């Protein structure tokens with residue numbers, strides 16, 4: 001059995017940030033990272049952003065996070081099967097046992113799949129660097145790639161792949177690409193960029209059936225039409241991987257439930273990142289699946305593993321870059337809420353506020369407006385004292 005002062009289950013950006021957070025307070029304690037991935041921690045957003053659009057974007061300099069600098073020991077390609085909280089050990093699929101003094105669960109999420117299609121060299125759930133390398137090889141060969149899902153990741157991948165010269169079809173259950181997030185005029189302008197760049201759109205459609213061979217993938221849509229492709233990228237979101245925690249008797253509710261210091265029911269077990277459901281000081285209890293949260297929450301978890309006992313008080317933002325458009329957002333951005341739009345140049349530069357049925361701001365979208373996320377957080381923090389007529393002009397480009 002190998003023992004560690006700090007043991008991290010999961011090898012993504014949370015693990016990197018946590019290891020660095022530990023080292024801010026403890027320069028010597030041993031750190032172990034058990035990861036199902038075959039690569040050390042890397043900047044996951046690059047897989048759908050800069051690696052497709054910037055030929056000078058270097059993996060070694062920009063993507064690999066070089067977590068080895070912390071002195072952490074990595075066991076890659078390793079799946080954890082169980083946690084024994086009494087013995088303070090975890091057991092892996094190969095039967096090995098690893099002891100810990102403090103444990104961080106950073107297992108992230110499992111992608112939602114398509115009916116009849118298991119992940120393969122041609123059906124990619126696009127959660128790893130290995131998925132990027134495979135998709136890059138197909139795109140460089142001029143493959144026809146179908147992206148299923150018009151959300152955050154799906155739109156980025158569709159834009160990146162089509163700009164690499166491959167043929168792309170985007171299948172989106174929304175009638176307009178971005179229609180679940182953006183006001184109608186903005187969603188239509190967003191969709192038009194995909195049309196202008198040659199993406200074939202199949203909007204208002206869902207996949208009902210799929211099959212694959214060594215040579216390609218066939219999808220049947222809910223209108224009976226058939227789409228054949230060389231590869232399919234599934235971008236339908238994730239489900240938090242909570243099985244380990246639940247089996248260990250920890251509280252799970254759409255994620256692993258943690259306190260403001262990111263600790264679970266067990267004072268020796270913490271959780272952070274996509275898998276953690278935590279109390280946000282502004283927005284209430286929530287679970288966040290974006291990089292800013294992974295970095296900031298991971299760092300705080302690492303510090304708390306090393307006995308800092310500090311509250312995680314950061315309200316995370318998220319961002320996307322698609323063609324010539326970029327947006328940042330804080331809070332809930334959904335057309336289930338009503339909106340107040342404040343445009344400097346309609347659908348080009350401006351701010352959209354998302355309000356609930358009580359006219360309280362729950363989310364802020366910054367469209368081609370940069371470096372204003374702190375202002376957005378301030379609006380959300382003061383939301384109970386703001387009326388809709390007070391919002392225009394509050395955040396300026």
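Only the coordinates and a few stated rules stand behind these numbers; no lab work does. What you see is a predicted model; the values in this text were computed from it and never measured. All Cβ positions, glycine included, derive from the backbone under ideal geometry; neighbour counts span all protein chains shown.
Quick one: work out Rg over Rh on the C-alpha atoms of region 235-366, Rh as Kirkwood radius. Rg divided by Rh gives 1.04. Using every pair of separate Cα atoms, the Kirkwood estimate puts the hydrodynamic radius of region 113-234 at 14.3 angstrom. The distance linking region 64-92 with region 171-202 is 41 Å (Cα centroid to Cα centroid, whole angstrom). Relative contact order of region 187-324: what whole-number percent is it, with Cα pairs under 8 angstrom and at least 6 residues apart? About 14 percent, as a whole number. Summary value for region 324-390: 34 percent relative contact order, contacts being C-alpha pairs under 8 angstrom separated by 6+ residues. As a proxy for reagent exposure, ranking 74, 270 by other Cβ atoms within 10 Å from fewest up yields 74, 270. Counting only Cα atoms, I'd like the Rg/Rh figure for region 1-146, Kirkwood definition for Rh. Rg/Rh: 1.02.
Using only Cα atoms, locate the centre of region 353-397 and the centre of region 320-336, then give the distance between them in Å, rounded to an integer. Their Cα centres are 14 Å away from one another. Among 83, 256, 22, sorting on how many other beta-carbon atoms sit within 10 Å of each Cβ, with the fewest leading, yields 83, 22, 256. Sequence-distant contacts, meaning Cα pairs under 8 Å at least 6 residues apart, place the relative contact order of the chain at 16 percent.
Ordering of 213-225, 191-203 by packing is 191-203, 213-225, highest average first (other Cβ atoms within 10 Å, averaged per residue).
For the chain, what is one quarter of the convex hull surface built on the Cα atoms, given in nm²?
Over all viewing directions, the chain projects a mean Cα-hull area of 19.8 nm².
Diffusion coefficient of region 167-247 by Stokes-Einstein, Kirkwood radius over Cα pairs, 20 °C, 1.002 mPa s: 146 µm²/s.
For region 324-390, the calculated P(r) over all alpha carbon pairs, in 10 Å bins from 0 to the bin holding the longest distance, is 22, 58, 19, 1 percent. Ranking of 334, 48 by neighbouring Cβ atoms within 10 Å, starting from the fewest: 334, 48. One compactness figure for region 209-257 is 1.83, namely its Cα radius of gyration divided by 2.2 N^0.38 Å.
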